[in-house]
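Colleague: First, the structure itself, so that you have it in front of you.
Quick note: the coordinates plus some simple rules give every number you see, no bench work behind them. As the structure is a prediction and not an experimental result, all values here were calculated from the model. For neighbour counting, all protein chains shown are included, and Cβ atoms are generated from backbone atoms with ideal geometry for every residue, glycine included.
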Amino acid sequence: MKNLKLVAARPDFSRSIINVQGVEFGRGFVVIAGPCSVETEKQTIETAIAVKKAGALMLRGGAFKPRTSPYAFQGLGLKGLKILDKAKKETGLPIVTEVVDTRDVSWVGEYADILQIGARNMQNFSLLREVGKSGKPILLKRGMYSTLEEWLNCAEYILAEGNPNVILCERGIRTFETYTRNTLDLSMVPAVHKETHLPIIVDPSHGTGILSMIEPMSLAALMAGANGLEIEVHIDPESALSDKDQQLTVPQFEKLMRKLDRAKAFLDSLDAEFADKASGNGGGDADKTDDGSEAKIFADAVD
Ligand code: PEP
Ligand code: MN
């Protein structure tokens, strides 16, 4: 791909591991979970406790909501960030939250462990430059009308500011299909592994918008080689102020996490079996990570 100097796959195929408060993107499988929006202290903290218990490693929650309608709930702003901070103190879970305005980057960064750039702002170049300068880890969601090349160029903007800590997030694109909210393009997972050294996670919540599709697409993302998931979970989805139809209940999330654990064990056994066959002593399909250890990805999935 043209013009990709910093995000392009390295000649030795080594992969970046982004360490966020001890949570490593690019090694293992990281699940970020939490409500679409921070609504109340009770809702956020109860959800945080529940997702942590189920195995999530980070808490998500929007304090600034980029909504289609200007009259829809726009988020609690600073109050929301303070609630997230309390939830972090209560659970120890690092926080992922969206920033939508260049003027807010530095002070939102005081609360966020990862700054999320949402789909609608993927090509907001001044925002990309600003979060690049912030030095915070960035979760860069794919724009709903964007090609892989456009998306990776946006990551390049952030790295070009001296910030290497970018995690990509596939969240579905607009296609002619209207049944789902978006078409979740899981083919981007092996494509990202082929073209860059950056980790990629998948958001099946916005990617489908349909509750019953979140579990199968989460399992599919794991099998496709994703480095993790971002999933919306709410203690009472019926009462949610945004995206009420796609937020998992706590029991639904717990069931998904149990299935993911089983699927991961199966994947590990598959990797071990085929690595053994490829080299006689392991390492066949695995790529090197920054520290020289091996990350299991589906390197052969894309030619
Ligand atoms: C979100 O994750 O809160 C969100 C708004 O997602 P997206 O930017 O992918 O629509
Ligand atoms: Mn949402």
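Colleague: Which angle between 0 and 90 degrees, to the nearest 10, do you get for helix 250-279 versus the longest principal axis of the chain when only C-alpha atoms count?
Modeller: It works out to around 10 degrees.
Colleague: What trypsin sites (Lys or Arg not before Pro) does region 157-191 have in DSSP loop regions with at most 15 other beta carbons within 10 Å?
Modeller: Those satisfying the criteria are ARG174.
Colleague: Oh, and also: Restricting to the chain, what percent of DSSP beta bridges are antiparallel, rounded to 5?
Modeller: Expressed as a percentage, antiparallel bridges in the chain total about 20.
Colleague: As an exercise, find the ratio Rg/Rh for region 63-157 from alpha-carbon atoms, using the Kirkwood inverse-distance average for Rh.
Modeller: With Rg and the Kirkwood Rh in hand, the quotient comes to 0.98.
Colleague: How would TRP107, TRP151 line up from fewest to most surrounding beta-carbon atoms within 10 angstrom? Numbers along the way, then the final one.
Modeller: On the way: TRP107 12, TRP151 23.
So the ranking, lowest neighbour count to highest, is TRP107, TRP151.
Colleague: Give the order of ASP261, ASP12 when sorted by the count of other beta carbons within 10 angstrom, beginning with the fewest.
Modeller: Fewest-to-most ranking of ASP261, ASP12: ASP12, ASP261.
Colleague: Sort LEU81, LEU211, LEU270, LEU59 by Cβ crowding within 10 Å, fewest neighbours at the top.
Modeller: Ordered by Cβ neighbours within 10 Å, fewest first: LEU270, LEU211, LEU81, LEU59.
Colleague: Less than 15 Å Cβ to Cβ from LYS2, Lys/Arg counted +1 and Asp/Glu -1: what total charge do the surrounding residues give?
Modeller: Neighbourhood net charge equals -3.
Colleague: Filter the GluC sites (Glu not before Pro) in region 144-226 down to the DSSP loop ones having no more than 10 other Cβ atoms within 10 Å, then list what survives.
Modeller: Filter output for region 144-226: GLU177.
Colleague: Just to confirm my numbers, what's the Cα centroid distance between region 158-175 and region 62-109 in Å?
Modeller: 19 Å
Colleague: Okay, moving on. Would you mind checking the tilt of helix 148-160 against the longest principal axis of the Cα atoms of the chain, expressed as 0 to 90 degrees and rounded to 10?
Modeller: Helix 148-160 sits at roughly 80 degrees to that axis.
Colleague: Would you mind checking the tilt of helix 78-91 against the longest principal axis of the Cα atoms of the chain, expressed as 0 to 90 degrees and rounded to 10?
Modeller: Helix 78-91 sits at roughly 60 degrees to that axis.
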